[in-house]
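Encoded as structure tokens, the structure appears first; notes follow it.
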Amino acid sequence: MEGMPAALSVRPRSDFVETPAVQELAERALTYLTAGFPVHFRGPSGTGKTTLALHVAAQLGRPVILIAGDDEFKSSDLIGGQNGYRYRKVVDRYIHSVLRYEEDAAKQWVDQRLTTACREGFTLVYDEFTRSRPEANNVLLAVLEERLLALPDMTRDHSYLKVDPEFRAILTSNPQEYAGIHDAQDALSDRLVTIDLDYYERETEIAITVARSSMPPEQATSIVDIVRDFRASGEYDQTPTLRACIMIARVAAMQGLQPSARDPRFVSICLDVLGTKTAFTKQARERYNKQQQMLLRLIEHHCG
């Protein structure tokens with residue numbers, strides 16, 4: 001269809017780590033999706049919600065339509081609408097002595113991502129859907145329950161689109177106490193099977209860090225332990241996540257560095273990555289310095 005948004009051909013990532021904990025989450029999600037129920041991965045930033053959603057979507061074997069939640073979204077941004085006109089001109093020469101022209105203009109409908117997914121039976125991955133306003137997401141209610149998508153343009157031949165049987169939906173969100181998050185309406189939450197995610201256990205974080213950085217496991221372990229101990233301390237303004245492990249390990253490995261408290265280059269990488277998790281203001285300078293000293297002690301403890 002003209003103007004149809006492009007779908008993604010998603011395949012399992014070569015560096016995706018499927019430990020027993022990750023496999024159990026993926027299998028649970030696939031069970032619900034196969035039964036026709038939408039799945040909602042809910043968890044704080046850095047718990048791998050989007051990566052897991054795309055991994056599960058790849059197992060379904062269908063093209064993927066990806067939407068990222070946005071506070072500015074309206075329903076039309078999900079469904080589509082009229083976008084300009086299509087012009088037609090007919091020249092009639094049936095009678096050789098008579099020349100007749102006929103022109104008309106019709107409004108042109110352009111699908112947006114949700115409509116494309118429903119029409120084609122693609123898998124919808126709606127990332128951080130609670131960043132969109134609840135009124136924009138109301139269109140999902142009938143899609144997920146009655147398998148019908150109401151189209152806003154009543155001049156179309158069909159004002160409702162029957163959702164393809166192959167259509168599946170995977171949504172992700174942060175807990176609702178995060179900044180910039182809207183409360184999901186009860187009617188939508190009631191249609192979702194919610195699987196809560198938390199930070200992975202130590203073995204999974206080590207395995208993922210190794211896979212995403214090519215650093216040897218014994219070296220990656222030291223980095224993961226620094227980040228996990230910093231996380232457990234509570235002495236930060238933004239939770240240090242698995243992303244911090246991967247950043248430190250990848251940059252260190254790229255430079256051929258081993259985790260060592262005696263190497264100022266490695267120490268600088270740790271402070272640069274983890275130091276961003278603390279506030280640096282004139283009023284909080286004393287606390288910031290305290291946090292930096294604690295990070296240096298953790299580096300010394302695990303990499304001394």
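Each reported figure results from applying straightforward, stated rules to the coordinates on display, with no laboratory input. Because the structure is a prediction, the values reported are computed rather than measured. Positions of Cβ are backbone-derived with ideal geometry, glycine not excepted, and every protein chain shown enters the neighbour counts.
Numbers at a glance
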| item | result |
| --- | --- |
| Average Cα contact separation per residue, segment 202-303, under 8 Å, 6 or more apart, as relative contact order % | 30 |
| Ranked HIS301, HIS55, criterion: other C-beta atoms within 10 Å, fewest first | HIS301, HIS55 |
| Inter-probe distance in nm under a simple model that places probes 7 Å from Cα toward Cβ, at ASP70 and LEU141 | 2.4 |
| Long-range amide H partners of SER132 with built H, under 5 Å | ASP70 |
| Dipole-positive endmost among ILE246, SER222, LEU271 within segment 202-303 (Cβ charges, Cα centre) | LEU271 |
| Extension gain from ALA21 to ASP190, taking 0.36 nm per residue of separation minus the Cα-Cα distance | 58.2 nm |
| Charge sum, other residues only, whose C-beta stays under 13 Å from GLU203's C-beta, Lys/Arg counted +1 and Asp/Glu -1 | -2 |
| Semi-axis lengths, Å, segment 202-303, gyration tensor of Cα atoms, sqrt of 5 times eigenvalues | 23, 14, 11 |
| Per-residue Cβ neighbour rank within 10 angstrom, fewest leading, ARG62, ARG262 | ARG262, ARG62 |
| Sequence-distant residues sharing a close amide H with LEU171 (under 5 Å, placed H) | VAL39, HIS40, PHE41, TYR126 |
| Protection proxy ranking of 240-249, 183-192 - average other beta-carbon atoms within 10 Å, highest first | 240-249, 183-192 |
| Rounded if a/c under 1.5, otherwise prolate or oblate - segment 175-244, Cα gyration tensor axes | prolate |
| Sequence-distant residues sharing a close amide H with ASN138 (under 5 Å, placed H) | none |
| Net length gained if the chain between ASN289 and ASP183 were fully extended (0.36 nm per residue, minus Cα distance) | 34.5 nm |
| Residue-by-residue Karplus 3J(HN,Hα) for segment 219-225, coefficients 6.51, -1.76, 1.60, Hz, glycine and proline x | 7, 4, 4, 4, 5, 4, 5 |
